[in-house]
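Contents: one structure, followed by commentary.
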Amino acid sequence: MQLLFGAFAVQVRAVMATNGVSSTSGPAKESGEHLIPFADAARYWLKLGFINFGGPAGQIAIMHDELVDKKRWISNDRFLHALNYCMLLPGPEAQQLAIYIGWLLNGTWGGIVAGVLFLLPAFFLIMGLTWTYAVHGDIGWVAAIFYGLRAAVIALVLAAVIRIGSKALKNPILVGPQTSSCGYRHPAARML
């Protein structure tokens, strides 16, 4: 795992260097300082693990809102660069983004903790919701709650797409194709 993560970090640093991003873009640990106390970062990743519903668009929007706008742990440009690199890789981009930002903030252990805490709480919550639906899904009020959750998730995803899209898409010509591709590709859009 560390070898794979290290190889990814080397590739990202090489691409960042060719794009003119400074050498301070690496993890804070390499420069001898931590940008964020490890315990604060771990608490944030645990909180994110419990609230990261809505698929990748919602998860990325939550990370952007907290890490860039509220906590100001990383800049918007750095976040968008990290997101672009994670989108190029196969696999879950929100998970990769959490690991990468954890690594940027606190080195290798920061990436590991971010990845684990991003995934496990949501896994256990989904398992609990699945059990509840499987056992009690035929009860009217339980089915109504799950139906309402579906609408809430769709609203979260749409709000996330609008918020990040308005910051990332500077050219109005790109808004149309991107909007139509999100509507076609995202499962929440197909539930309507």
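The values are calculated or read from the model by the stated rules, or taken from the named source; none is laboratory data. As the structure is a computational prediction, the values presented were derived from the model and not from experiment. Backbone-built Cβ (ideal geometry, glycine too); neighbour counts: all protein chains shown.
Worth pointing out:
- Pair list, Cβ under 8 Å, 6 or more apart: region 146-158 residue within 13 Å of N52 (Cα to Cα), other residue among the aromatic types (F, W, Y): V153/F53; L156/F53
- Breaking point among (1) free of Cβ contacts under 8 Å to residues at least 60 places away in the same chain; (2) farther than 18 Å from A159 by Cβ, for H81: (1)
Okay, residues lined up against (1) touching an Asp or Glu at 6+ places or on another chain (Cβ under 9 Å); (2) part of a helix (DSSP H, G or I); (3) under 21 Å from Q96 (Cβ atoms):
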{"position": "A114", "(1), (2), (3)": "no, yes, yes"}
{"position": "A134", "(1), (2), (3)": "no, yes, no"}
{"position": "D138", "(1), (2), (3)": "no, no, no"}
{"position": "Y147", "(1), (2), (3)": "no, yes, no"}
{"position": "R150", "(1), (2), (3)": "no, yes, no"}
{"position": "V153", "(1), (2), (3)": "no, yes, no"}
{"position": "A159", "(1), (2), (3)": "no, yes, no"}
{"position": "K170", "(1), (2), (3)": "no, no, no"}
{"position": "P177", "(1), (2), (3)": "no, yes, no"}
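- Flag for F53 being among the aromatic types (F, W, Y) and modelled with pLDDT under 90: yes
- Unique residue being in a helix (DSSP H, G or I) and free of Cβ contacts under 8 Å to residues at least 60 places away in the same chain when the list is I126, I164: I126
- Only listed residue being more than 21 Å from A39 (Cα to Cα), modelled with pLDDT under 90 and within 14 Å of the chain's Cα centre (by Cα), chosen from I62, I164: I164
- Any hit, region 58-65, residues being among the charged types (D, E, K, R), in contact with a helix residue (DSSP H, G or I) (Cβ under 7 Å, 6 or more places away or on another chain) and under 23 Å from S166 (Cβ atoms): no
- Selected residue (only one of R13, R43 is at pLDDT 90 or above and either among the basic types (K, R) or within 27 Å of L158 (Cα to Cα) (or both)): R43
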